[in-house]
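These notes concern the structure reproduced below.
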Amino acid sequence: MAQEIELKFIVESDSVDALKNHLHQLSGEHHEPVQLLNIYYETQDFWLRRHDMGLRIRGVDGRYEMTMKIAGRVVGGLHQRPEYNIDISQPQLELARFPTEVWPEGELPATLADDVQPLFSTDFWREKWLVTEGNSRIEIALDRGEVKAGELQESICELELELLEGHADDVLKLARKLVTQSGLRQGSLSKAARGYHLAQGNAPRTLKPTQILLVAPKSSVEQGFEAALELALSQWQYHEELWVRGMKAAKADVLAAIALVRHSLTLFGGIVPRKASTHLRDLLTQTETLMASDVSADTAVYSSQTATAKLALTEFLVTRGWRSFLDAKAQGKIDDSFKRFADTHLSRHAAELKTLFGQPLGDQYADQLIRLARNVDSMLLLSGAYDGAAARAWLENWQGLQHAIKTRQRIEIEHFRNEAISQEPFWLHSGKR
């Protein structure tokens with residue numbers, strides 16, 4: 001078993017030559033392109049996918065390798081997950097050769113070998129550079145080709161930075177040097193994810209409203225903070241993908257996701273000091289300014305400005321860049337219960353909303369949209385420790401008010417305002433329980 005740690009970028013096709021010239025300037029070992037043929041396998045009921053497992057056979061120069069990737073962590077475009085690679089003599093699966101620890105129940109399912117079938121394939125040329133960064137050895141791979149499922153296909157033009165030995169921090173350091181050049185977009189959609197999407201008919205991707213953030217029971221405040229930032233980054237990347245694929249409406253969701261990053265930093269700002277995120281917030285401001293202008297999706301998302309900001313957020317999360325700024329008191333608070341933190345802040349935000357909207361505002365509702373959006377974001381980030389149905393019902397009235405104000409529906413505004421302010425709280429320590 002190896003721990004795969006790699007950072008993925010989508011490369012703008014017009015920027016490939018400039019990128020290669022840049023990579024050739026690095027002091028390292030260059031390898032000419034080789035063709036990689038990959039077949040991905042799955043069962044009819046997507047058993048592997050449901051268990052967050054990926055199975056493939058790769059062929060190169062007459063040699064074959066069987067690989068199983070299992071559940072790990074993906075932050076932005078940084079993938080950290082266990083992977084098992086086994087050399088095979090011919091392109092046929094030999095599932096019994098994987099160690100038992102691969103399988104969810106500790107043993108190979110009895111019928112899996114018969115049930116798995118080829119689902120999609122990738123065919124691309126890989127050009128590599130082996131470089132040293134800090135105390136680490138890193139492989140830079142430029143992949144160009146196609147992912148195919150039946151009659152459907154999609155182009156591949158990616159850059160991957162894979163840690164061969166050393167520390168993940170050095171992968172991020174090297175990436176910071178590369179994103180000074182435009183044409184790179186940090187992407188979380190793997191080749192396999194795109195292949196699955198094609199294999200299931202390539203349905204149009206749709207906008208995804210931010211859902212209530214679910215946190216594990218007994219999470220700490222720090223775990224809630226991390227989860228909030230990861231949710232915001234996930235929303236950013238998902239809608240950026242839609243925007244660059246031609247869905248203009250996704251631009252607003254990209255900006256909303258960046259705003260959610262900012263709001264997460266503010267929400268936990270009583271514990272994590274502002275100086276911990278000064279650089280990150282500056283980069284977010286520059287990116288928001290660029291995206292808010294009359295600029296094309298490609299220009300915005302492939303800019304060095306956007307790539308630098310997203311990479312800074314990824315690094316902030318992966319390295320837990322706030323920890324060095326915490327004193328003993330703050331450390332105690334961030335180790336405390338997230339649910340206790342949520343109790344306190346839900347009451348505060350509910351009180352602010354009732355103060356804002358306790359009385360009809362006539363023509364002044366639009367003036368409160370920013371504050372309403374901020375409070376709705378807080379509720380989304382804090383409500384996951386409670387009964388989901390009750391939290392969703394409570395939030396829906398405030399979101400309905402938000403939509404009615406945006407669309408200037410006067411009757412609907414008053415309906416949702418009255419419903420929202422009359423709701424009973426669903427959280428603890430609200431003063432009513």
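For the list (1) of a type in the set (A, V, I, L, M, F, W, C); (2) modelled with pLDDT under 95; (3) open to solvent by 20 Å² or more (accessible area, probe 1.4 Å), I need the number of the one condition that L7 fails. In the conditions (1) of a type in the set (A, V, I, L, M, F, W, C); (2) modelled with pLDDT under 95; (3) open to solvent by 20 Å² or more (accessible area, probe 1.4 Å), L7 misses (3) alone. Cβ-Cβ distances below 6 Å connect the following pairs, each with a first residue in the range 172-185 that is farther than 11 Å from L161 by Cβ, a second residue that is among the aromatic types (F, W, Y) and in a loop (DSSP other than H, G, I, E, B), and a separation of six or more residues or different chains: S182/Y302; G183/Y302; R185/Y302. Kindly check whether there is at least one residue in the range 300-308 that is assigned to a loop (DSSP other than H, G, I, E, B) and within 16 Å of V221 (Cβ to Cβ). No, the range 300-308 has no match at all. Elements of the type strands (runs of 3 or more DSSP E) sitting completely within the range 56-139 and holding at least 2 residues that are open to solvent by less than 30 Å² (accessible area, probe 1.4 Å), more than 30 Å from E226 (Cα to Cα) and touching a Gly at 6+ places or on another chain (Cβ under 6 Å): these cover 117-133. For the range 19-44, a tally of residues being touching a helix residue (DSSP H, G or I) at 6+ places or on another chain (Cβ under 8 Å), of a type outside the set (S, T, Y) and in a loop (DSSP other than H, G, I, E, B) returns 1. Scanning the range 327-355 for residues that are over 21 Å from P273 (Cβ atoms) and free of Cβ contacts under 8 Å to residues at least 40 places away in the same chain gives H349, A351, E352, T355. Filtering the range 178-197 to residues that are surrounded by fewer than 16 Cβ atoms within 10 Å (Cβ to Cβ) and modelled with pLDDT of 95 or more leaves nothing.
Rundown of residues vs (1) in a helix (DSSP H, G or I); (2) of a type in the set (D, E); (3) touching a Phe, Trp or Tyr at 6+ places or on another chain (Cβ under 8 Å); (4) open to solvent by 20 Å² or more (accessible area, probe 1.4 Å), yes/no style:
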| position | (1), (2), (3), (4) |
| --- | --- |
| L229 | yes, no, yes, no |
| W236 | yes, no, no, no |
| K248 | no, no, no, yes |
| V254 | yes, no, yes, no |
| V261 | yes, no, yes, no |
| L265 | yes, no, no, no |
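Checked against the criterion of being under 29 Å from L7 (Cα atoms), open to solvent by 50 Å² or more (accessible area, probe 1.4 Å) and at pLDDT 95 or above, the range 325-333 has at least one qualifying residue. Considering the conditions (1) farther than 17 Å from H79 by Cβ; (2) touching a residue at least 12 places away in the same chain (Cβ under 8 Å); (3) not in a strand (DSSP E or B), R144 is excluded by exactly one of them, (3). In the condition set (1) touching a Leu at 6+ places or on another chain (Cβ under 7 Å); (2) more than 23 Å from T306 (Cα to Cα); (3) among the polar types (S, T, N, Q), N135 is compliant with all but (1). Once the range 22-55 is narrowed to residues that are of a type in the set (A, V, I, L, M, F, W, C) and under 24 Å from L130 (Cβ atoms), the residue that is most open to solvent (accessible area, probe 1.4 Å) is L37.
Yes/no per residue for (1) at pLDDT 95 or above; (2) surrounded by 13 or more Cβ atoms within 10 Å (Cβ to Cβ); (3) not charged (D, E, K, R):
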position	(1), (2), (3)
T344	no, yes, yes
G362	no, no, yes
D387	no, no, no
G400	yes, yes, yes
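The combined condition, being open to solvent by 10 Å² or more (accessible area, probe 1.4 Å) and either of a type outside the set (F, W, Y) or under 17 Å from T180 (Cβ atoms) (or both), is fulfilled by A292.
For the range 239-255, the set of residues classified as aliphatic (A, V, I, L, M) and touching a His at 6+ places or on another chain (Cβ under 8 Å) consists of A250, V254, listed by residue number.
The values are calculated or read from the model by the stated rules, or taken from the named source; none is laboratory data. The structure presented is a predicted model; accordingly, all values stated were derived computationally and were not measured. Here the Cβ is made from the backbone with ideal geometry for all residues, glycine too, and neighbour counts use every protein chain on show. Accessible surface areas use protein heavy atoms only, side chains included; no ligands, DNA or RNA. Shrake-Rupley method; radii C 1.70, N 1.55, O 1.52, S 1.80 Å.
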